[in-house]
Structures are given as C-alpha cells and as structure tokens.
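*Asks:* I am attaching a structure below and will ask some questions about it afterwards.
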Amino acid sequence: MKTLRNLFATSIIAATTFIAMATEDTSPAPDQPVPDAEACALPSHANTTALEAFKKSDSEWKELLTADQYRVMREHGTEPSFRNAFWNNKDKGLYLCAGCKSPLFASGEKYNSGTGWPSFWDTIAPENVGRTVDTSFGMTRVEVHCSRCGGHLGHVFEDGPRPTNLRYCINSASLEFVPKADLEERHLSAFAKHAK
C-alpha cells in the first residue's frame, strides 16, 4: 500500500511538472542566447544605412510600404514562422527587395530549412545584400539588409546546406516575388538562370 501511495505521489508530481513546463513562457529573456533557428524570430537592433540615392523619410516609407513591411524593414521587426507569404513558396522566380525592387534571392537557391521562414543558401547578387553585426539578445548574429535602401531582411547563419553552408533566414514582408514568366518584362532576364 505504501508503494502504491509513493507511486501515486510521484505520478502527481510528474504530471504537475509537465503541465507547468508546457504552459510556462519559454520565450528567451533579452540577455539569454537562443539556438540559431529560434534566433530568426527575434527582432534586430542592428543599425543600417541606405545609399544616398535611396534615402527616404519615415513618412515616405510609411506611404510606400504596408504596415507589416514597415515594421519589419524599417523597424527591424520579424514576422511569425509558418504564417508568412513565402516560407513554403515553391514557384520558380526571383525575390526582390520589397522596398526598392533590388534583386536579392531566387528559387534556385531556396530550400526548406524547417524554420518557417523563407531560407536561401546564397544570394543572386552578393553586392545587393549587406551584412551588419547584431549583438542584441545576448548573442552575436549577422543581420542582412538591402544594400540599396537599407531595409532589414533577416539574418544569415552558418548552418545551411552545401555548397555555401549558409542559411539566409529572410522575412517574407521584406520580399517581392516575381515569377519566372515575368522576368523579361521586369528587365530581370540577367538573373533567369537562378530561377530554377
């Protein structure tokens, strides 16, 4: 009988611990490091600048971008995983900067990272994607932004597939997708080889 009581008490403690663990807030404290996959979900505090020719005021950006695009691109925010426009897009084409239409990524370098954000193992024009070290949230991440307009895109990590071993974890809100059939009309034929 005593053993049965001990077993029952142990079960109650285990169940209570499980419920507490399942319901507690597991989001990281601002000064706690998190795994790379989760790091995509954190906003960036990196400072970026635009080329002189493409600088705009906040009010101009608010007119040009949607509220979500502005929050992500100009305020360095992020969007929910698995609930964004391009995380599972398998169509062939190019991904441009939503702010200035600079060509950034393509379907040929896109892959399923399992994170719920569009992921690419390379850019199509390295000079179009700038990098800035972001030391917020107690970690060192490499933030990526559009080199032309300074718009926040996401982060790049070194856990991607070959041949680059890179994972560009990008917000859909920062991107505009152009299907392969429309590349010539948009004067983007030079990048067609990447849209495979």
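*Asks:* Under a 5 Å amide H to amide H cut-off, with H placed in plane at 1.01 Å, what residues pair with residue 76 once short-range neighbours are removed?
*Replies:* Hits under the 5 Å cutoff: 152.
*Asks:* Per residue, how large is the accessible surface of region 91-174? Use a 1.4 angstrom probe and give square angstrom.
*Replies:* 33
*Asks:* Which lysines, on any chain, are close to residue 101 with Cα under 22 Å apart, when same-chain ones fewer than 8 places away are left out?
*Replies:* By straight Cα distance, residue 101 reaches 55, 56, 62, 90, 92, 110, 180, 193, 196.
*Asks:* Kirkwood Rh over alpha-carbon pairs of region 89-195, then Stokes-Einstein at 37 °C and 0.692 mPa s: what D in µm² s⁻¹, rounded to an integer? Could the numbers behind the result be given before it?
*Replies:* Details: Rh = 13.9 Å.
The Stokes-Einstein estimate is 237 µm²/s.
*Asks:* Shifting gears a bit: HN-Hα J couplings of region 136-147 from phi, Karplus 6.51/-1.76/1.60, θ = phi - 60°, integer Hz, Gly and Pro as x?
*Replies:* Listing the rounded values in order: 6, 6, x, 9, 10, 10, 10, 6, 10, 9, 5, 5 Hz.
*Asks:* Could you look at region 152-196 and say what percent of its accessible area is carbon and sulfur, using a 1.4 Å probe and all protein chains? Display every interim value, and only then the final one.
*Replies:* Numbers: 1150 of 2360 Å².
Of all accessible area on region 152-196, carbon and sulfur atoms account for 49 percent.
*Asks:* For region 66-119, restrict the atom set to alpha-carbon positions and state the Rg and Dmax in Å.
*Replies:* Just the Cα atoms of region 66-119 yield Rg and Dmax of 11.6, 30 Å.
*Asks:* Now for a different question. How much length is gained if the chain between residue 60 and residue 186 is pulled fully straight, taking 0.36 nm per residue apart and subtracting their Cα-Cα distance, in nm to one decimal?
*Replies:* Working: separation 126, 0.36 × 126 = 45.36 nm, distance 2.38 nm.
This chain segment gains 43.0 nm when fully extended.
The values are calculated or read from the model by the stated rules, or taken from the named source; none is laboratory data. Note that the structure is predicted; figures quoted are calculated from it, not measured. Heavy atoms of the whole protein, side chains included, go into the accessibility calculation; ligands, DNA and RNA do not. Shrake-Rupley method; radii C 1.70, N 1.55, O 1.52, S 1.80 Å.
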